[in-house]
Each structure stands twice: as structure tokens, then as C-alpha cells.
1. Starting from segment 250-276, take each residue that is touching a residue at least 24 places away in the same chain (Cβ under 8 Å) and more than 24 Å from residue 104 (Cα to Cα) and list its partners that are of a type outside the set (A, V, I, L, M, F, W, C) and in a loop (DSSP other than H, G, I, E, B), counting only C-beta distances under 6 angstrom and pairs at least six apart or across chains.
2. With the structure loaded, tell me whether residue 217 is in contact with a helix residue (DSSP H, G or I) (Cβ under 9 Å, 6 or more places away or on another chain), among the charged types (D, E, K, R) and more than 19 Å from residue 249 (Cβ to Cβ) or whether it fails that test.
3. Look at segment 103-124 and say how many of its residues are in a helix (DSSP H, G or I), open to solvent by less than 10 Å² (accessible area, probe 1.4 Å) and not aliphatic (A, V, I, L, M).
4. Within 29 Å of residue 194 (Cβ to Cβ), at pLDDT 50 or above and in a helix (DSSP H, G or I): is that true of residue 9 in this structure?
5. I want to confirm something. Restricting to segment 298-310 and keeping residues that are in a strand (DSSP E or B) and of a type in the set (D, E, K, R), which single residue is least open to solvent (accessible area, probe 1.4 Å)?
6. Return the residue satisfying two criteria in turn: it lies in segment 187-215 and is in contact with a Leu (Cβ under 7 Å, 6 or more places away or on another chain) and hydrophobic (A, V, I, L, M, F, W, C), and of such residues it is farthest from residue 123 (Cα to Cα).
7. Restricting attention to segment 225-251, report how many residues are hydrophobic (A, V, I, L, M, F, W, C) and farther than 19 Å from residue 129 by Cβ.
8. Checking the structure you have, find out if any residue of segment 74-83 is surrounded by 15 or more Cβ atoms within 10 Å (Cβ to Cβ), in a helix (DSSP H, G or I) and touching a residue at least 40 places away in the same chain (Cβ under 8 Å).
Amino acid sequence: MMFCKVSLRQLLAYCAALALAFPAVPQTANQDQGQGPVIKTEVNLVNVFATVRDKNHRVVTDLKQDDFKISEDGHEEKIAFFSREMNLPITLGLLLDTSGSEQNMLPAIQDGGSRFLHRVLKKGDEAMIISFDSDVDLLSDFTDDRSILDRAINKARINIPGGGMMAGNPGPVAGNITGTALYDAIYLACGDKLNGEAGRKAIVIVTDAQDEGSKTRLEEAVEAAQRTDTVIHVLLVYDPRYGGNTGVARKLTEDTGGRLIIVNSEKKLEEAFDQISEELRSQYMLGYYPTNNTKDGKFRKIKVDMTNHDLKVLARKGYYAPKH
């Protein structure tokens with residue numbers, strides 16, 4: 001189901017993007033004095049958000065434009081816009097795996113998720129909560145109300161064989177683990193919800209990354225994120241009895257510019273939430289006008305490099321060009 005409402009927050013973010021893409025145009029000598037500036041060409045500013053860490057894994061927040069290089073399909077591009085983004089609104093999706101394999105960690109996931117949202121969300125930000133097992137459930141639509149988000153997180157229930165639901169830590173569940181529609185959840189979160197949002201967009205998924213039963217393929221889930229400029233972060237939480245799919249988690253994060261953190265304890269889960277929170281609040285925004293302005297709808301590879309090779313940058317790997 002598509003949602004087309006436009007909030008004041010979205011409108012302001014959209015206007016800010018237009019201001020970056022279309023700077024003031026000076027009046028020319030032969031321009032009619034009674035006529036405003038005429039823009040005859042379309043300008044497509046590509047924005048890339050980047051997080052930088054040093055060799056000790058600390059986030060670096062004092063870099064300048066000259067510290068970055070950016071290329072598209074192997075061709076170096078000129079950085080036309082640069083800023084340190086602490087205050088640009090974030091639209092966030094928190095996706096919780098409620099399949100049977102997560103039963104022992106659910107209470108810690110709920111507690112950590114609530115603290116994470118209280119820490120990361122600032123004025124102007126919004127978040128939604130989705131749970132997924134054999135089905136995908138929207139527990140809370142986009143809101144900035146922390147109490148609504150807390151209640152939504154606490155509504156998450158483990159789906160057990162036989163169609164039952166249980167909360168908290170129910171102990172071992174007999175039978176086969178039910179389906180896990182991870183790819184469907186990502187596809188719906190990006191295509192139906194984040195597609196109409198402006199500004200920074202991110203999904204944080206707490207899961208073992210095992211997908212069973214999705215109608216969507218992994219590649220389609222990744223493409224949905226890339227087409228909506230959504231970064232995917234994965235906290236890989238899994239029961240050793242069932243295992244976790246590191247390969248899937250790595251593809252989801254690397255292809256969208258997100259972080260993969262393997263979590264094997266409640267303490268590590270809290271640290272992982274803190275790390276993602278820090279990164280979301282310590283980003284650089286790089287903007288460039290691509291040399292290749294062909295509107296063919298094809299995927300373009302982006303590579304961000306640092307002039308200081310001791311620094312490591314995290315940024316999305318590409319985007320889909322507009323199409324006529």
C-alpha cells in the first residue's frame with residue numbers, strides 16, 4: 001500500500017535539497033529584466049552520506065572536503081557540495097526478527113531497541129517499527145512520539161509453530177522454526193514506506209539473516225534499498241543452534257553503505273546499538289553532478305576514497321540513474 005501524504009518535515013527537507021541542486025542563478029545582460037531566471041537544463045545532484053573511522057575504530061568528525069575523493073563507474077567526479085551532517089532529519093526503520101530463532105534474545109532486543117531510538121532520534125526525526133517472521137507487520141507507522149514507538153517495540157511477539165505467538169523469553173520451542181520473511185520486510189519497508197520520504201533514510205535490522213519463505217529475492221530487496229537511497233544496518237543476532245547467514249547480512253550492508261555487527265551477547269547488542277547511533281549522528285554529506293548524465297535507468301557504481309589511507313569510509317556503493 002502506497003502512502004502519498006507530504007508532511008511539513010518532508011517539504012522542508014525537499015526544499016533544502018532543491019536549494020543544493022539549484023543554486024541562485026545570476027541575471028545575464030541579455031535577459032529580459034521583467035523575466036526571472038530560466039533553467040533550461042535538468043540538474044541531477046547525487047548525494048552520498050559517509051561515515052569515517054580511524055585505525056582505532058573511532059568516528060572522525062573534523063574532516064574537510066579535500067580529505068575525500070569520489071568516483072562514479074571509475075571516473076573521478078568533482079565534489080560540488082560538502083557538509084558535516086549532524087542535524088539533517090533522519091527517517092528510520094527498525095525491523096525486528098520475531099521468528100522462533102530469536103526467542104531467547106527478544107527481551108534484550110526490545111530493551112536495546114527502545115534505548116537506541118531514544119538516543120538517536122532528535123527533533124525532526126521519525127521512525128517506524130516493523131516485525132517479521134512468516135508475515136510482515138507494521139507495528140508503528142512513522143512518528144516522532146517516543147511513547148508510541150516504545151509500545152510498538154513491546155508489542156513484538158515471537159511467532160511459534162502452529163500459528164501461536166508468545167512474548168518475552170518463553171524458553172525452547174519444540175518443532176520447526178517458522179518462516180522468516182526478511183527480504184519481504186526490507187522490500188516493503190523501502191518500496192512502500194521510505195520511498196516517499198526525503199533526507200537521510202536508514203533501516204536497522206535485528207536478525208539472524210536467515211530468510212525462509214519470502215516472495216522477494218535478496219537482489220530485489222537490495223535494489224529496493226538502493227532505489228530509495230536507504231542505508232541498511234544489520235545487527236546479526238542468532239542462536240548457535242540455528243546459525244546466522246553472515247553472507248546475506250554482508251551483502252545487505254555492503255551494497256547499501258551500512259554496517260554489519262555480529263552480536264553474541266546482550267552486552268554486545270547494547271554496544272552495537274550505540275555504534276549505529278553514533279554513526280547516524282556523525283556523517284558527512286558529499287554531493288556531485290555526475291559527468292554521465294544519460295538518463296538510462298542503469299545502476300552506477302560509486303566509490304568514496306580518503307586521501308589519508310589510515311581512515312576507513314563507509315558509504316553507499318551506487319545508485320540507479322533516472323530514466324526518461
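The values are calculated or read from the model by the stated rules, or taken from the named source; none is laboratory data. Please read these numbers as outputs of a predicted model, since none were measured by experiment. Because the Cβ atoms are built from the backbone with ideal geometry, glycine has one as well, and the counts that use them run over all protein chains shown. Please note that ligands, DNA and RNA were not included when accessible areas were found on the heavy atoms of the full protein model with its side chains. Shrake-Rupley method; radii C 1.70, N 1.55, O 1.52, S 1.80 Å.
1. 255/317; 256/316; 257/316
2. On the way: in contact with a helix residue (DSSP H, G or I) (Cβ under 9 Å, 6 or more places away or on another chain): yes; among the charged types (D, E, K, R): yes; more than 19 Å from residue 249 (Cβ to Cβ): no.
Here the answer is no, as residue 217 does not meet what is asked.
3. Of the residues in segment 103-124, the ones in a helix (DSSP H, G or I) are 106-120.
Imposing the further condition that a residue be open to solvent by less than 10 Å² (accessible area, probe 1.4 Å) reduces the set to 106, 109, 112-113, 116-117, 120.
Next, only the ones that are not aliphatic (A, V, I, L, M) stay: 112-113, 116.
Of the residues in that region, 3 qualify.
4. On the way: within 29 Å of residue 194 (Cβ to Cβ): yes; at pLDDT 50 or above: yes; in a helix (DSSP H, G or I): yes.
Here the answer is yes, as residue 9 does meet what is asked.
5. Keep residues of segment 298-310 that are in a strand (DSSP E or B), which gives 299-306.
Cutting the leftovers down to of a type in the set (D, E, K, R) gives us 300-301, 303, 305.
Details: 300: 7, 301: 137, 303: 111, 305: 59 Å².
Top of the filtered list is 300.
6. Ranking the qualifying residues of segment 187-215, first place goes to 209.
7. As a first pass, look at segment 225-251 and keep what is hydrophobic (A, V, I, L, M, F, W, C): 225, 231-232, 234-237, 248-249.
Now drop any that are not farther than 19 Å from residue 129 by Cβ, which leaves 236, 248-249.
Summing the residues that are hydrophobic (A, V, I, L, M, F, W, C) and farther than 19 Å from residue 129 by Cβ in segment 225-251 gives 3.
8. Step one: list which residues in segment 74-83 are surrounded by 15 or more Cβ atoms within 10 Å (Cβ to Cβ), which gives 77, 79-82.
Next, only the ones that are in a helix (DSSP H, G or I) stay: none.
No; the residues of segment 74-83 include none that is surrounded by 15 or more Cβ atoms within 10 Å (Cβ to Cβ), in a helix (DSSP H, G or I) and touching a residue at least 40 places away in the same chain (Cβ under 8 Å).
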